[in-house]
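Asks: Questions regarding the structure given below will be posed in turn.
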Amino acid sequence: MALIASPFRRPRLGTGTRLWPLLSLPGLAWLCLFFLAPLYVVLAIVFGTVDPLFRTPVPVWNPLDWNGAQFRYVLDHIFGVDGFFGPALVRTVVYVLLASAICVAIAFPVAYYVARLAGRRRGLILALLIAPFWISYMMRMLAWVNLLADDGLVNKALGLGVFDVHVNWLSGRSLVVVLGLSYVYVPYMILPLYAGLDRLPQSTVEAARDLGASRASAFTRVVLPMCRSTIVAAVLLTCLPMLGDYYTNDLLSGSPQTSMVGNLINETVLTPGQTGYAGAFVMLVLIASLLPMLYYVRSVSRADRVAT
């Protein structure tokens, strides 16, 4: 008796099916519309010209007609004799590295506790970790401004309520800017670390303990290598926004002595005739951010090859 195929039977999807490329089309369209197209606009402005009368950017859309004068100007004033842009870029790298290290030192223990040890309190702790996202960035930074004011709680705490302490924290201190960056971006690091640590198989750690490894040895030789790609992804998730951050420095310092590349971009955008310089800074930040992203892709592909 011949079998009649059921109309409700799902078709098998082979490797050559067209379904998966079709599913990727919305994401590709979004990427082209909101990343590649704006990036080309930035390139057209960077390698374009400036209107001599109104000092507005004149983008050049044909790559054959591009002029690299504005990009060369930025490079000459970063690495050249008159490199007044250079300190801000070096300062940005130092601030981002220090703030990222502080974020890792705070976020990893918290994420490890929530993922492995919190038990029934996990939901409550996750809600508390997500709570900062419900408060706007400006409100949190203004709270810091009030705390660090001359008559704020920080100076009162340093004076123990008895002595009159006047430390001007908001007068261009690098420490305040680094701590502000760490405060703003540490929640963005905790959540991806928690997601990665929560997926680690507990049986692997238990096997290491059964083979005689101590808790510290099992952590350093099993847990850390297995979540290396997660740590890299969490660091990238916080480093990339930090590279373009300018408002934290404006609120907590406002001094040229602590200016970062984000402040240079903001200042050149607002200055007539310097929009191309701002685009050049954007391109430099993009190039610098591609290096850790390539390392992350390489580490993930290497982990996949080891797993298979």
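Asks: Quick one: is Tyr137 open to solvent by 50 Å² or more (accessible area, probe 1.4 Å), in contact with a helix residue (DSSP H, G or I) (Cβ under 9 Å, 6 or more places away or on another chain) and free of Cβ contacts under 8 Å to residues at least 24 places away in the same chain?
Replies: Against the criterion (open to solvent by 50 Å² or more (accessible area, probe 1.4 Å), in contact with a helix residue (DSSP H, G or I) (Cβ under 9 Å, 6 or more places away or on another chain) and free of Cβ contacts under 8 Å to residues at least 24 places away in the same chain), Tyr137 does not qualify.
Asks: Of everything in region 114-142, what is assigned to a helix (DSSP H, G or I) and under 20 Å from the mean Cα position of the chain (by Cα)? Give them in sequence order.
Replies: Hits for region 114-142 are Leu129, Ile130, Ala131, Pro132, Phe133, Trp134, Tyr137, Met138, Arg140, Met141.
Asks: Here is a further query. All but one of (1) within 30 Å of Asn155 (Cα to Cα); (2) assigned to a helix (DSSP H, G or I); (3) open to solvent by 30 Å² or more (accessible area, probe 1.4 Å) hold for Leu181, so report the exception by its number.
Replies: Result: Leu181 passes all but (3).
Asks: Let me confirm something: among Gly86, Gly80, which residue is free of Cβ contacts under 8 Å to residues at least 60 places away in the same chain, touching a helix residue (DSSP H, G or I) at 6+ places or on another chain (Cβ under 6 Å), under 30 Å from Gly279 (Cβ atoms) and not acidic (Asp, Glu)?
Replies: Only one candidate qualifies: Gly86.
Asks: When region 57-78 is examined, which residues are found to be more than 25 Å from Pro256 (Cβ to Cβ), open to solvent by 40 Å² or more (accessible area, probe 1.4 Å), outside any strand (DSSP E or B) and of a type outside the set (Gly, Ala, Ser)?
Replies: Pro59, Trp61, Asn62, Pro63, Leu64, Asp65, Trp66, Asn67
Residue-by-condition table, conditions (1) out of contact with any helix residue (DSSP H, G or I) (no Cβ under 8 Å at 6 or more places or on another chain); (2) of a type in the set (A, V, I, L, M, F, W, C); (3) closer than 29 Å to Ile135 by Cα:
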{"residue": "Pro192", "(1), (2), (3)": "no, no, yes"}
{"residue": "Asp210", "(1), (2), (3)": "yes, no, no"}
{"residue": "Ala213", "(1), (2), (3)": "no, yes, no"}
{"residue": "Ala233", "(1), (2), (3)": "no, yes, yes"}
{"residue": "Met260", "(1), (2), (3)": "no, yes, yes"}
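So that you can scan it fast, the table gives a plain yes or no per residue for (1) open to solvent by less than 60 Å² (accessible area, probe 1.4 Å); (2) within 22 Å of Tyr296 (Cα to Cα):
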| position | (1), (2) |
| --- | --- |
| Pro192 | yes, yes |
| Val205 | yes, no |
| Met226 | no, yes |
| Ser229 | yes, yes |
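Asks: Test Leu251 against the stated conditions and say whether it is open to solvent by 60 Å² or more (accessible area, probe 1.4 Å), assigned to a helix (DSSP H, G or I) and under 25 Å from Pro187 (Cβ atoms).
Replies: no
Asks: Within region 143-170, restricting attention to residues that are farther than 25 Å from Ala107 by Cα and β-branched (Val, Ile, Thr), which residue is farthest from the chain's Cα centre (by Cα)?
Replies: Val162
Asks: As an exercise: evaluate Val165 against (1) of a type in the set (Val, Ile, Thr); (2) closer than 30 Å to Ile78 by Cβ; (3) free of Cβ contacts under 8 Å to residues at least 12 places away in the same chain and give the number of the one condition it does not meet.
Replies: All conditions are met except number (2).
Asks: Give the number of residues within region 20-56 that are open to solvent by less than 80 Å² (accessible area, probe 1.4 Å), over 20 Å from Gly68 (Cα atoms) and not hydrophobic (A, V, I, L, M, F, W, C).
Replies: Looking only at that region, the number is 3.
Asks: Which residues, taken from region 235-256, are among the polar types (S, T, N, Q) and at pLDDT below 90?
Replies: Across region 235-256, the qualifying residues are Ser253, Ser255.
Asks: On to the next question. Considering Ala107, Ala111, Ala101, which residue is surrounded by fewer than 16 Cβ atoms within 10 Å (Cβ to Cβ) and either in a helix (DSSP H, G or I) or in contact with a strand residue (DSSP E or B) (Cβ under 9 Å, 6 or more places away or on another chain) (or both)?
Replies: Going through Ala107, Ala111, Ala101 in turn, just one is surrounded by fewer than 16 Cβ atoms within 10 Å (Cβ to Cβ) and either in a helix (DSSP H, G or I) or in contact with a strand residue (DSSP E or B) (Cβ under 9 Å, 6 or more places away or on another chain) (or both): Ala101.
Asks: Can you name the condition, by its number, that Val145 falls short on among (1) more than 24 Å from Leu236 (Cβ to Cβ); (2) assigned to a loop (DSSP other than H, G, I, E, B)?
Replies: Failing condition for Val145: (2).
Asks: While we're looking at this one, here's another question. Which residues, counting only those in region 79-90, are open to solvent by 50 Å² or more (accessible area, probe 1.4 Å) and either in a helix (DSSP H, G or I) or of a type in the set (Lys, Arg) (or both)?
Replies: Phe79, Pro87, Val90
Asks: Among the listed residues Val235, Val145, Val205, Val223, which satisfies the condition of being farther than 29 Å from Leu284 by Cβ, among the aliphatic types (A, V, I, L, M) and out of contact with any Leu (no Cβ under 7 Å at 6 or more places or on another chain)?
Replies: Answer to the check: Val205.
The values are calculated or read from the model by the stated rules, or taken from the named source; none is laboratory data. Since the structure is predicted, the reported quantities are computational estimates derived from the model, not experimental observations. Backbone-built Cβ (ideal geometry, glycine too); neighbour counts: all protein chains shown. Keep in mind that these areas ignore ligands, DNA and RNA; they rest on the heavy atoms of the full protein, side chains included. Shrake-Rupley method; radii C 1.70, N 1.55, O 1.52, S 1.80 Å.
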